[in-house]
1. Compute the normalised compactness of the range 85-156: alpha-carbon radius of gyration over 2.2 N^0.38 Å, N being the residue count.
2. In what order do S144, S5 fall by count of nearby beta-carbon atoms within 10 Å, going from fewest to most?
3. GNM, the chain, Cα, under 10 Å: largest mean-square fluctuation among K140, K24, K118?
4. Only Cα pairs under 8 Å and at least 6 apart count here; give the relative contact order of the chain as a rounded whole percent.
5. So for the pair E137, L62, with labels modelled 7 Å out along Cα→Cβ, what separation do we get in nm?
6. At a 10 angstrom cut-off on C-beta neighbours, averaged per residue, how do the peptides 96-104, 123-131, 50-58 rank from highest to lowest?
7. Take every DSSP beta bridge whose two residues both sit in the range 1-94, then give the antiparallel share in percent to the nearest 5.
8. Please work out how many pairs of lysine residues in the chain are eight or more positions apart (or on different chains) and have Cα atoms closer than 26 angstrom.
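Just so it is clear, none of the values below were taken in a lab; they were calculated from the coordinates. Every value quoted in this text rests on a predicted model; they were computed, and no experiment measured them. Every residue, glycine among them, receives a Cβ derived from its backbone with ideal geometry; neighbour counts consider all protein chains shown.
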Amino acid sequence: MHTASGILNASHRQASLNYGQLHKLTQMMTRDSSEVLRMFRHMVFNVYARNRDDHAKNHAFLMTADGRWRLSPACDLTFSNGPAGEHSADVAGNGRTPGLREIMTVAKAASISERDAKDVVDQVRSAIGLWPKFAKEVSKPRISELDRILNGRGRA
């Protein structure tokens, strides 16, 4: 296993990478467009689930038995306002309020088709919309608060 932080000697204690760089790193490490699409899905999840704890050490690659690199499963997934209310890894220059415009900008730069990108966005947003059904252990006021934030109006 090797983290983006370790590969690029990038700090995980401060914002040091953006998602454009993470997509390029994924392409370079894996040489596989399906892995780049997986990184895109991680980014979309982090944007819409408000996981702003997306620093360089929370993106990693695993080497398979035959010596090929693959993107690791997403890790450290949590609702997080991030440092100073921003993502550690910005999305097309926007760390505070990235939305569909910035997501699609990253998709285009990563050679992800508009159709594939929109499919991922729709899938992720649908899944996040269902989260209260899986939040039985969370108090009702907290569910309401997070539902308002995660599925609030006016967001991309």
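1. The value comes to 1.28.
2. So the residues, fewest neighbours to most, are S144, S5.
3. K140
4. With pairs under 8 Å counted, the relative contact order is 24 percent.
5. 2.2 nm
6. In decreasing order of mean packing, 96-104, 123-131, 50-58 become 50-58, 96-104, 123-131.
7. 75 percent
8. On the way: K24/K57; K24/K108; K24/K118; K57/K108; K108/K118; K118/K133.
Close lysine pairs under the 26 Å cut-off: 6.
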